[in-house]
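Bear in mind these aren't lab numbers, they're just calculated from the coordinates by the rules spelled out. What you are looking at is a predicted structure, and each value in this text was computed from that prediction instead of being measured. With ideal geometry, Cβ positions are generated from the backbone for all residues, glycine too; neighbour counts draw on all protein chains shown.
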Amino acid sequence: MNHHLIKAAAKWLVPFFWMAGIFMLFRGHNEPGGGFIGGLIVGAAMVMSYIKVKRRPDQFKVLGTAPSTIIGLGLLLALSSGFLSFIQSGAPYMTSSWQGELWLPILGNTKFGTPFYFDTGVFLVVIGVISKVFLMLEEESWK
Amino acid sequence: MVWHIYLLIGFLLALSVPIWIKFIQSYFGLVVALWLGYGLYALNTNLFSAGNIVWTDSFGISFAFILTGISKVFLNIIFLVGASVFIFAASYLKTSDRLNQFFTAFTLFLCAMLGLVTADSFLLTFIFWELTSISSYMLIGYNHEEESARKSALQALITTGAGGLCFFAGLILFQHITGLSSFSELTRIELKQSSLLYTSIILILIGGLTKSAQFPFHFWLPNAMKAPAPVSALLHSATMVKAGIYLFLRLDSIFDQWNIWSHSLTVLGSVTLMLGALTAYYQTDLKKLLAYTTIANLGALTLLIGFQHPMSSQVALVLFVAHALYKAALFMIAGIFEKVTGQRDIQKISGLGKFIPLAWIGGGTAALSMIGIPPTLGFLSKELLLKVGILEIWSLPIWIIGFSLMGSVAWFVGIKPFLGTSHIPTTQLYQPGVLITIGPLILGLSSIVLSFNPFDILGSQLAESLTRDQQSAPLHLWTGLNLPLFLSITVIVLAGLGVYFHPQILSWIKNNHKPSKPLSDLIFDFIFATLLRIASYLTELFQNGNLTRYLLLIFWGLLFFASSLLLKIDILSYIKAEIASELTLLPFALAVIIAICISLIVTTQRRLSAIVSMGGIGYSIAALYVLLGAPDLALTQVIVETLSVILFVFLLHEVPLLKSERKIWPNQGIAAITSILIGLMVSFFTWQSLTSEIAPSISEFFGQNSYLKANGRNIVNVIIVDFRGFDTLGEITVLSIAAVTLTALLIGQTSSREPK
């Protein structure tokens, strides 16, 4: 298939999608957005950057590693975020605990706490799954 | 030492088998034998304490054990026979290459058996009961390259497993009716008659009958002879098949007032005894001979337990001890013959007495005990048994015929192969060494020593196991010239005649009886094959790989369950009254767009148009979300739609072409009707669930607490990551699993496509 159009567009769209995805992740707790949407957007960015380079699917790296590793890391982060307040104060699993606020450019004051870490886990899992599925299907057509 | 610890060590031994095997190979058997020997010593010097660890109080399950009474008798025998068999196994399996598998299962089985005969709480007993079934499955199927071994193992597992389930159901029922959850509480109660209790007794009875290979469930036992010799020696003498006998003995004192209990036991016991003894007599395979006499003996035990005589349970215990000792020894001897000559046919083995003298002593004494020649335990038990048998005069012929036939068999297995001269030159025989003969020697000699009841070993244990209205059995070899003694001599003479006329009878049977599979085996095979056929038919019906059919089946199922609700409502008036009043222009316009897209998908022949129309539906729904004030959902919907359209375009070459020649009716017509009905149903239920207030809505709570408690103003996100965070965790796990599964699916597909 002719991917020239997508390739040209990808050059500009990929960084934008990246920013949009991360933006969604960070603002999610107060404004529309969140880890799931952010993950979907970055996942789309992954698909586009794959089209741009068009390497063998099994050699394509997502965030510098294999997609399944990203899935695993995301699950691990989500799972372990629930333990933080348990370690701190012995509260039940998944009780939220907030570490404080940080001023970030564009986003403004952003709060950091276990729900945010959890959301980041979701973010990673979604990116991983989308890339994984896409790459698997690509590998099929590559054969 | 607490009994729990002792058992735990056993299970740890079973788990650590690979490490042991690495260093000492099959001599691991000696380690287990040592552990069992210590058990025997500790039990009889009262070093064990029962202890109690609560597991699940609400179900009455606790790790409580009984180490007295019947349990003690069984324990002693398992220790003694187990140790002998493990010593035997250490030598027998020296050249085997799957020692890990064998010893893990074998040790596990032994521990399960020790647990089974000591467990106090019903459910714990059941757990051990199942554990013996499972581990014996692995043992019987040890030679898994042979199809017959796999089949026999499966047959044993299915039969005892099905019985186990009945037993389980019976125990739960019993526990439910009486409120009791352990054996030690049983003595305290008087049972009231009720039909539920009746059912529970029958179920428990079935459990014991299948395990102890009683007619009509006896067929699995001879087939289980596919197992290696040590397995047969342990499973079919003192353990596996005796589990049912143990259960009968445990429960007999409270159930014997029930006719169904005692009548089933006596009737099935006598049938099993006759069937086993008659079949055993004309077998020529050593192990088959022993297997059928085991069935006969199990029948004898069951028949004895079924008797109402106050002494019968005690006699059954003595018979159990005698049988366990000689049968295990003879099974081991059969294993030695097979090792030495490579044969199992009794007509081809002879003259081995000089070649393996120690085995001769062990096997010979065991055979004497089985025939019932004094001074052996076999003689003692038969004296007692006939003493009880005289009182139930109808059973006397059964006893005499059954035990005479078994006596003949004992001669063929334990004495005749040692006599005369060998058919095979000594140079072709394999010299198995001394270690292999120790097991049978111990057991054969114990049969003699124990019959004198030295230091009242046997007597004191039997006395301990007496319950309220039982009478102890006198353990004297010489009770004077009386009727039992004469009957006993008759049995021995008949056994001698059986041996003398054996060649004639055997050739007569050969001429008049075509060898065929036993009827019960055929019935089992038929039931099994029918089940498989039904299963494959159902699979073909529901899972034929056609996605359209899957969807239709699911939808029909949904409609079927929802129809009863839907039919009650007058839908038209409902639409007028409720839906029409709330309809506004913009959502209506979107609905029209969606409808147009759908009709496009249904009618188009081109894939790309169909995909774009799908996207159109998705975006319209996203727009609906915006209108209804759910920006989060809209955002997600738009991105998901975009991504799926991209994916579809990529996969375009994989999507099957839409066929133009598809039949409109019935295929498409049925699909259309089903879709419309499902659409109506889903929208109706959605509407209904939104408008009817069953419980106060939870969204109020989320709205009020989202910022206060969870520090976030985006309620949807707060719900996802905080309030319902645990759900999300599950969802992303499922998502990950789906990705992994997809990998597996695609890999499977490519490998099947490989040949090109």
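Which of B:K354/B:K387; B:K94/B:K287; B:K211/B:K514; A:K132/B:K22; B:K22/B:K517 have a Cα-Cα distance over 32 Å? Over 32 Å apart, Cα to Cα: B:K354/B:K387; A:K132/B:K22; B:K22/B:K517. The distance separating the Cα centre of the stretch B:492-510 from that of the stretch B:243-277 comes to 30 Å. Considering only A:V126, B:Q461, A:S80, and ranking their Cα positions along the charge dipole of the protein assembly as shown that arises from unit charges at the beta-carbon of Lys, Arg, Asp and Glu, the one farthest toward the positive end is A:V126.
Given their separation in residues at 0.36 nm each and the Cα-Cα distance between them, B:Q428 and B:N705 gain 90.8 nm when the chain is fully extended. Across the stretch B:1-65, the relative contact order, built from alpha-carbon pairs under 8 Å that are at least six residues apart, equals 38 percent. Shown for A:R27, B:R724, A:R56: other C-beta atoms within 10 Å of each C-beta, ranked fewest to most, produce the order A:R56, B:R724, A:R27. Listed by Cβ neighbour count within 10 Å, with the fewest neighbours leading, B:H309, B:H323, A:H29, B:H144 appear as B:H144, B:H309, A:H29, B:H323.
Karplus-derived 3J(HN,Hα) values for the stretch B:254-270, using 6.51 cos²θ - 1.76 cosθ + 1.60 with θ = phi - 60°, are 9, 9, 6, 7, 8, 4, 4, 5, 6, 5, 4, 4, 5, 5, 5, x, 5 Hz; glycine and proline are entered as x. Taking amide H positions as modeled 1.01 Å from N, with prolines and chain starts lacking one, the residues under 5 Å from B:I373 and 5 or more places away or on another chain are B:F379.
A cut-off of 5 Å between modelled amide H atoms, ignoring neighbours fewer than 5 places along the same chain, links B:A119 with B:I66. Which ³J(HN,Hα) values, rounded to whole Hz and listed in residue order, are derived for the stretch B:604-616 from phi using the Karplus coefficients 6.51, -1.76 and 1.60 in 6.51 cos²θ - 1.76 cosθ + 1.60 with θ = phi - 60°, glycine and proline given as x? Once rounded to whole Hz, the list reads 5, 9, 9, 5, 4, 4, 4, 5, 5, 5, 4, x, x.
Its Cα centre serving as origin, the protein assembly as shown has a Cβ charge dipole (Lys and Arg +1, Asp and Glu -1) of approximately 2220 debye.
Once the convex hull of all Cα atoms in the stretch B:207-342 is built, its volume per residue stands at 86 Å³. Under the criterion of Cα pairs below 8 Å and six or more residues apart, the relative contact order for the stretch B:582-642 equals 30 percent.
The mean number of partner chain beta-carbon atoms within 10 angstrom of a residue's beta-carbon across peptide B:733-746 is 4.
Based on alpha-carbon positions alone, could you give the equivalent ellipsoid semi-axes of chain A from the gyration tensor, as √(5λ), descending, whole Å?
On the way: eigenvalues 210, 70, 17 Å².
Its equivalent ellipsoid spans semi-axes of 32, 19, 9 Å.
In this structure, the amide hydrogen of B:S212, modeled 1.01 Å from its nitrogen in the peptide plane, lies closer than 5 angstrom to those of B:G244, counting only residues at least 5 positions away or on a different chain. The mean of 1/r over all distinct Cα pairs in chain B, once inverted, gives the Kirkwood hydrodynamic radius of 31.1 Å. With respect to chain B, whose longest principal axis is taken over its alpha-carbon atoms, helix B:312-341 is tilted by about 90°.
Restricting to DSSP H runs of at least four residues, report the calculated mean residue ellipticity at 222 nm for chain B, -39500 (n - 2.57) per run over all residues, nearest 500 deg cm²/dmol. Kindly include the intermediate steps, with their values, before the conclusion.
Details: 31 runs with 521 residues, N = 756.
Helix contribution divided over all residues of chain B: -23000 deg cm²/dmol.
Magnitude of the charge dipole for the stretch B:153-260, about its Cα centre and with charges confined to Cβ atoms of Lys, Arg (+1) and Asp, Glu (-1), is about 220 debye.
Per residue of A:25-35, other chain Cβ atoms within 10 Å of the residue Cβ number 6 on average. Once the Cα atoms are used to define both axes, helix B:502-512 deviates from the longest principal axis of chain B by about 40 degrees.
Relative to the dominant Cα principal axis of chain B, helix B:70-92 is inclined by about 90°. For the stretch B:308-327 versus the stretch B:595-636, the inter-centroid distance based on Cα atoms is 80 Å. Across the options B:S395, B:V718, B:V682, the greatest Cα extent toward the positive end of the charge dipole of the protein assembly as shown (unit charges at beta carbon of Lys, Arg, Asp, Glu) belongs to B:S395.
Averaging the sequence gap over all C-alpha pairs within less than 8 Å and six or more residues apart, then dividing by the number of residues, gives chain B a relative contact order of 10 percent.
Quick one: compute a quarter of the convex hull surface over the Cα atoms of the stretch B:669-749 and quote it in nm².
Mean projected area of the Cα convex hull: 9.2 nm².
If you take the Cα centroid of the stretch B:109-174 and the Cα centroid of the stretch B:197-214, the two points sit 14 Å apart. Along the axis of the charge dipole computed for chain A (Cβ charges of +1 for Lys and Arg, -1 for Asp and Glu, origin at the Cα centre), the listed residues A:F36, A:S49, A:S68 are led at the positive end by A:S49. Kirkwood radius for the stretch B:380-515, taken over all pairs of different Cα atoms as the inverse mean of 1/r, rounds to 18.5 Å. For the peptide A:88-96, the mean number of other protein chain Cβ atoms found within 10 angstrom of a residue's Cβ is 2. Going from the fewest other Cβ atoms within 10 Å to the most, the residues A:E139, A:E101, B:E383, B:E145 appear in the order B:E145, A:E101, A:E139, B:E383.
Taking the Cα centre of chain B as origin and assigning +1 to Lys and Arg Cβ atoms and -1 to Asp and Glu Cβ atoms, the resulting dipole is close to 1920 debye. Computed from the alpha carbon atoms alone, the convex hull of the protein assembly as shown holds 262 Å³ per residue.
The sum of -39500 (n - 2.57) across all DSSP H runs of n ≥ 4, divided by the residue count of chain A, sets its helix-only mean residue ellipticity at 222 nm to -22000 deg cm²/dmol.
Can you order the peptides B:5-18, B:327-340, B:207-220 by their average number of other Cβ atoms within 10 Å per residue, highest first? Intermediate results must be reported in sequence, preceding the final value.
Numbers: B:5-18: 16.2, B:327-340: 28.2, B:207-220: 25.6.
The most tightly packed comes first, giving B:327-340, B:207-220, B:5-18.
The 3J(HN,Hα) values that the Karplus relation (6.51, -1.76, 1.60; θ = phi - 60°) gives for the stretch A:117-129 are, in residue order, 4, 4, 4, 4, x, 4, 3, 5, 4, 4, 4, x, 5 Hz. Gly and Pro appear as x.
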